Structures are given as C-alpha cells and as structure tokens.
C-alpha cells in the first residue's frame with residue numbers, strides 16, 4: 001500500500017467522522033444552546049477537518065514533488081513544515097476573529113473541534129497500523145550454504 005492510498009483512506013474516514021460528529025453534536029447543541037450552539041458545532045467541525053486535511057494534503061504534495069526519493073527529504077519536510085505554519089497562522093486568525101462573536105457558542109466550537117481532532121488521530125493510527133507498510137525497504141542477501149564459502153587460510157588470519 002502506498003502512502004497516497006494510506007492518507008487518502010485516512011482522509012475519507014476523517015471526513016466521515018466529522019460528518020457524524022457535526023450531525024450528532026448539532027442535534028444536541030440545538031436542544032442545549034439553540035442556533036448559536038449549532039453554528040459553533042458546525043464551525044468547530046469544519047475548521048478541524050480542514051486543518052487535518054491540510055496536513056494530509058501537504059504530505060501528499062511533498063511526496064509527489066520529491067517523488068518519494070530519500071535524497072529529497074529537505075524538500076519534503078519544507079513542504080510539510082510550510083503547511084503546518086500556514087495552519088498555525090490561519091488558526092490564530094480564525095481564533096482572534098471568533099473571540100468576541102456573540103452568534104457562536106465557544107464551548108460547542110471547542111468541544112466539537114477536540115472530538116474531531118482526537119477521533120482523527122485515532123483514525124490515523126488505525127489506518128497506518130492496518131496498512132502493514134514497512135518502515136524500511138531492504139533486500140536481504142540470499143542465504144548461501146557454508147559449503148560454498150571458501151575455507152580460511154593462515155594468510156587470512158595473519159596480522160599485517
């Protein structure tokens with residue numbers, strides 16, 4: 001299984017989790033806090049899934065740009081780090097913009113975002129564990145019976 005398929009599968013499961021959390025959380029929020037709570041749940045879910053999607057997409061872009069070559073690790077990590085920095089900046093901007101919003105219940109927003117993020121981390125772990133993708137790709141030497149190995153001579157073991 002390739003990294004693209006693993007991340008693609010994880011992103012689909014994360015999107016499904018987000019939809020379920022937003023629907024269930026939205027219904028609960030409607031009865032607890034009304035429309036502002038529902039808006040908080042929807043925004044929390046959308047923001048969480050967009051941020052997690054940005055990580056997966058940056059890894060896929062980095063893998064495609066570097067073509068999976070180990071020598072291009074610097075380029076790969078530069079792309080992934082750039083994605084993380086972009087997420088951080090966007091998170092700060094969104095957090096500051098929503099800080100004083102009275103049309104939003106911040107608790108609903110935060111709880112939904114935390115549930116989606118933790119659930120997505122669990123999905124990532126399960127997806128990678130089930131992928132059975134080796135951490136390294138090494139070809140082992142073929143075993144040769146001892147009879148084919150030439151015997152040692154005194155010259156082989158003599159100090160130089």
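The values are calculated or read from the model by the stated rules, or taken from the named source; none is laboratory data. Owing to the predicted nature of the structure, the values given are computational and were not obtained by experimental measurement. With ideal geometry, Cβ positions are generated from the backbone for all residues, glycine too; neighbour counts draw on all protein chains shown.
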- Tally of residues being farther than 10 Å from residue 108 by Cβ and either free of Cβ contacts under 8 Å to residues at least 60 places away in the same chain or not in a helix (DSSP H, G or I) (or both) across the range 20-29: 4
- Within the range 97-113, is there a residue that is closer than 26 Å to residue 4 by Cα and either in contact with a helix residue (DSSP H, G or I) (Cβ under 9 Å, 6 or more places away or on another chain) or touching a residue at least 12 places away in the same chain (Cβ under 8 Å) (or both)? yes
- Query: For the subset of the range 69-87 comprising residues that are part of a helix (DSSP H, G or I) and surrounded by fewer than 12 Cβ atoms within 10 Å (Cβ to Cβ), which member is modelled with the highest pLDDT?
  - Reply: 85
- Task: Give the residue, chosen from 48, 37, that is within 13 Å of residue 116 (Cα to Cα) and in contact (Cβ under 8 Å) with a residue 40 or more places away in the chain.
- Result: 48
- Item | Yes/no for residue 40 being at pLDDT 85 or above, over 24 Å from residue 16 (Cα atoms), in contact with a helix residue (DSSP H, G or I) (Cβ under 8 Å, 6 or more places away or on another chain) and in a helix (DSSP H, G or I) | no
- Task: Being surrounded by 12 or more Cβ atoms within 10 Å (Cβ to Cβ) and part of a helix (DSSP H, G or I) is the filter here, so list the residues in the range 123-136 that pass it.
- Result: 123, 124, 126, 127, 128, 131
- Kindly establish whether residue 65 is in contact with a helix residue (DSSP H, G or I) (Cβ under 9 Å, 6 or more places away or on another chain) and without any contact (Cβ under 8 Å) to a residue 12 or more places away in the chain. no
- Only one of these is modelled with pLDDT of 85 or more and not in a helix (DSSP H, G or I): 104, 96. Name it. 104
- Note on the structure: When the range 88-104 is checked residue by residue, the ones that are surrounded by 14 or more Cβ atoms within 10 Å (Cβ to Cβ) and either on the phi > 0 side of the Ramachandran plot or under 28 Å from the mean Cα position of the chain (by Cα) (or both) are 90, 94, 98
- Query: Does residue 17 fit the bill of being in a helix (DSSP H, G or I), over 13 Å from the mean Cα position of the chain (by Cα) and surrounded by 13 or more Cβ atoms within 10 Å (Cβ to Cβ)?
  - Reply: yes
